[in-house]
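The values are calculated or read from the model by the stated rules, or taken from the named source; none is laboratory data. The model shown is predicted, which means the values in this text are computed figures rather than measured ones. Note: ideal-geometry Cβ built from the backbone for every residue, glycine included; neighbour counts use all protein chains shown.
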């Protein structure tokens with residue numbers, strides 16, 4: 001009787017095991033079948049670098065016509081970039097599944113097909129030269145890993161893909177360039193401003209991907225009706241009354257502007273002072289003339305420089321003989337941007353440097369932070385309470401020591417404003433102008449987007465190039481790029497510009513806490529796993545001992 005019972009129990013266990021195995025196999029097959037039709041990934045990175053942002057999804061959902069992507073990928077890629085090719089495939093496939101059916105793509109291997117190789121050449125996709133380890137020696141290999149985008153009679157390409165970082169932004173920029181009409185950005189000239197041919201050249205290439213760029217001297221020409229936004233990049237000579245009136249007229253039409261106004265200017269005399277001191281820079285007040293309109297709008301740029309010993313960053317000085325060197329002075333102020341700022345201009349920016357920046361105070365219609373009905377105001381960045389104002393003329397070189405003053409912060413570096421503006425010149429209908437004639441506008445026709453910052457150097461080429469050694473300087477270019485996008489209400493790509501995989505540090509902790517965390521990771525997790533095994537073993541042993549025959 002007991003032998004028969006044992007056999008029945010064994011058959012039941014065997015049947016259950018077979019059914020369980022079949023169930024698991026069925027679930028795996030079903031999940032794979034679903035996976036071939038629906039694409040999805042779990043992304044645990046902080047900035048979701050391995051999944052498409054909502055902006056990219058929206059872009060392909062709104063495609064007005066069919067867009068085709070040809071991915072040229074060698075099948076014999078070395079391990080060094082094999083993972084990257086998988087990322088490229090997954091990313092392009094996610095674009096496809098996020099679209100309205102008008103995004104199509106296909107992968108090709110041109111390595112062994114001359115026709116495909118010629119097709120890749122026509123699409124401007126080039127081979128990547130990579131040094132790979134084969135056996136015991138390094139060899140140079142040539143491989144394809146690039147994308148070609150076709151939309152109507154337009155063609156764009158990403159010739160070589162060497163890293164995942166920034167790839168989504170590059171891809172979405174090309175999609176936007178091919179399928180959406182560009183907005184037009186004018187940079188002011190004629191008064192020593194920085195613009196895309198000098199001062200902001202590092203930004204030119206990326207801006208041209210998204211916008212049509214032009215220049216205008218408001219003192220001698222009217223700002224064209226097709227210009228969507230104006231950038232005034234730190235004029236070093238005074239803008240005359242005609243130019244100010246033209247800027248005011250432009251804003252009254254409801255179009256936006258990014259105004260960078262330096263309260264102090266830096267110049268270098270043609271002489272050197274003392275052996276080892278290098279060439280000096282003179283810092284003195286800068287009268288750009290913009291105060292006549294800015295104060296009417298509610299902003300006042302101080303004739304000063306913000307300094308902060310606690311936030312001092314490396315900056316450039318003249319060494320003489322055309323050479324430049326680095327030194328650390330409190331007039332190059334590092335600023336930390338709090339997370340979750342409710343404005344896209346600051347998306348992805350956690351910190352940046354303002355070199356020789358002036359204070360921006362709220363006056364007139366915005367005094368004490370009061371905002372007109374229908375308006376909004378954001379403080380973009382501010383200095384620490386330990387900062388101070390440095391007024392008046394001073395010089396900087398290797399031997400400079402800047403003494404702290406009693407006028408302490410915090411001070412605002414800049415603001416963004418959205419809302420109605422009143423003209424700085426027209427206070428109402430002008431006498432002698434009939435209703436039949438074109439009446440100057442005394443108030444903006446619609447809400448204006450205006451960015452005002454007391455510094456133009458934060459995005460200047462000289463400082464952006466320092467990002468090779470000090471990555472935090474790159475954020476200045478991001479800030480100006482974002483500000484332009486926000487001003488023209490074209491914010492779709494702003495979240496993608498600084499999207500990258502980064503470290504997530506624990507922050508400043510005590511030595512005891514750091515030691516505890518270290519040993520929890522080294523010993524705690526393995527011991528926890530062992531404890532789980534012992535408990536499970538005990539439970540199974542108790543279950544066996546309780547069985548009766």
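Quick notes on this structure:
- Meets criteria (over 14 Å from residue 74 (Cβ atoms) and at pLDDT below 90) for residue 133: yes
- Every residue from the range 266-296 that is at pLDDT 90 or above and either closer than 22 Å to residue 189 by Cβ or in a loop (DSSP other than H, G, I, E, B) (or both): 286, 287, 288, 289, 290, 291, 292, 293, 294
- Condition broken by residue 206, with the remaining ones in (1) at pLDDT below 95; (2) crowded, with 19+ Cβ neighbours inside 10 Å; (3) in a helix (DSSP H, G or I) satisfied: (2)
- Filtering 226, 212 for residues that are closer than 24 Å to residue 178 by Cα and in a loop (DSSP other than H, G, I, E, B) leaves a single hit, 226.
- Screening residue 65 against (1) in a loop (DSSP other than H, G, I, E, B); (2) modelled with pLDDT of 90 or more; (3) in contact with a strand residue (DSSP E or B) (Cβ under 6 Å, 6 or more places away or on another chain) leaves a single unmet condition, (3).
- Taken over the range 350-366, the criterion of being at pLDDT below 95 and surrounded by fewer than 17 Cβ atoms within 10 Å (Cβ to Cβ) is satisfied by 350, 351, 364.
- Assessment of the range 57-65 against the conditions (within 18 Å of residue 161 (Cβ to Cβ) and in the same structural domain as residue 158 (by TED's automatic domain parsing)) yields no matching residue.
- Odd one out for residue 191 among (1) within 21 Å of the chain's Cα centre (by Cα); (2) outside the structural domain of residue 58 (by TED's automatic domain parsing); (3) touching a residue at least 24 places away in the same chain (Cβ under 8 Å): (1)
- Residue list for the range 78-96, filter: out of contact with any strand residue (DSSP E or B) (no Cβ under 9 Å at 6 or more places or on another chain) and within 17 Å of residue 67 (Cα to Cα): 91, 94
- Options 454, 432, 409: the member that is at positive phi and either assigned by TED's automatic domain parsing to the domain that holds residue 369 or modelled with pLDDT of 95 or more (or both): 432
- In the range 328-349, of all residues being over 14 Å from residue 479 (Cβ atoms) and surrounded by fewer than 17 Cβ atoms within 10 Å (Cβ to Cβ), the one that is farthest from the chain's Cα centre (by Cα) corresponds to 328.
- Count of residues meeting criterion [free of Cβ contacts under 8 Å to residues at least 24 places away in the same chain and outside any strand (DSSP E or B)] in the range 335-349: 3
- Of all residues in the range 350-388, those that are free of Cβ contacts under 8 Å to residues at least 40 places away in the same chain and not in a loop (DSSP other than H, G, I, E, B) total 4.
- Members of the range 504-544 that are assigned to a helix (DSSP H, G or I) and modelled with pLDDT under 75: 511, 514, 544
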